[in-house]
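The values are calculated or read from the model by the stated rules, or taken from the named source; none is laboratory data. Model, not experiment: these values are computed from the prediction. With ideal geometry, Cβ positions are generated from the backbone for all residues, glycine too; neighbour counts draw on all protein chains shown.
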C-alpha cells in the first residue's frame with residue numbers, strides 16, 4: 001500500500017503513554033474477555049458484552065498520562081493507521097455528500113493493554129473495536145503482530161482492512177443501522193440474534209471493500225498483492241476458520257461474524273462495485 005506523502009488524519013487520540021488503573025489482565029473478568037473475543041473481534045458494538053464493566057469504568061480514577069515511546073515497527077503501524085483513517089475520511093465524506101448528508105469523522109484511539117471507553121473498559125485482548133457511544137475506534141497496535149503471527153495474515157493492506165472494517169461500523173452507526181440491529185437482537189433468540197450480527201459484520205466487510213475501491217480509483221493507494229492481503233485476513237478471521245482451529249469443528253448457529261467465504265464474498269462485493277447500495281446484506285440471501 002502506498003503511504004508515502006499521503007495525508008495523515010488528525011483524529012488520532014494517542015493513549016499509549018497512559019496507565020489505566022486496573023488495566024492489563026486484571027481489568028476485566030476472564031468471562032467477559034472470552035465473550036468479547038467472540039463478539040468484538042473485528043466486531044459488533046462491544047457494549048453488547050461490556051455492559052458489565054460500566055461500573056468499573058465510572059468508578060476508576062482517570063488514566064495517568066505519560067510520554068509515548070514506540071519501536072520502529074510500532075511507528076510504522078501508527079503512521080499506516082493515520083493514513084488509512086485519513087483516506088476513509090475522504091472516501092466517506094464524498095459518498096455521504098453525494099447522498100445529500102454530512103459525514104461525521106470518528107476518532108481513532110491508540111492504547112496499550114486497557115483503556116476506558118464510552119462502552120466500558122476496553123482490553124487489548126478484545127482486538128480492535130468500534131464504540132458507537134463515543135464514536136471512536138480503539139486499537140492496541142500489538143494486534144498487528146497477532147494478525148501476522150496467529151492469523152497468518154501479514155501485510156500493510158491486511159492492517160488497513162482492519163481499520164476500514166471498524167470505520168464501516170461507524171458508517172453503520174451514522175446510518176442508524178447498528179442501532180436498529182441492537183434493538184432487534186434484544187427481541188430474538190440467541191441463534192436469531194447471532195444471524196443478525198453476522199449480517200451486520202458482513203456489511204462492515206462490504207463497506208471496507210467500498211473504501212478500498214475508492215482508495216484505488218481516486219488515489220491509487222493499492223499495490224500489487226494488496227487485495228490478496230485483505231482477502232487473507234478476511235479468510236483468517238471467519239467464524240468457521242476460528243472455530244475449527246479452536247475445537248476442530250464449526251457450529252454455524254453460533255457464528256457472529258460470518259464464515260471465511262462470506263467475509264471474502266462481501267469484501268469483494270464492495271471492492272468491485274464501490275457502491276454503498278451493494279452492501280445490503282440484510283435483504284440478501286447470500287449473507
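Points to keep in mind about this one:
- Taking (1) surrounded by fewer than 21 Cβ atoms within 10 Å (Cβ to Cβ); (2) modelled with pLDDT under 50 in turn, residue 10 satisfies each apart from (2).
- Test result for residue 141, in contact (Cβ under 8 Å) with a residue 24 or more places away in the chain, surrounded by fewer than 24 Cβ atoms within 10 Å (Cβ to Cβ) and in contact with a strand residue (DSSP E or B) (Cβ under 8 Å, 6 or more places away or on another chain): yes
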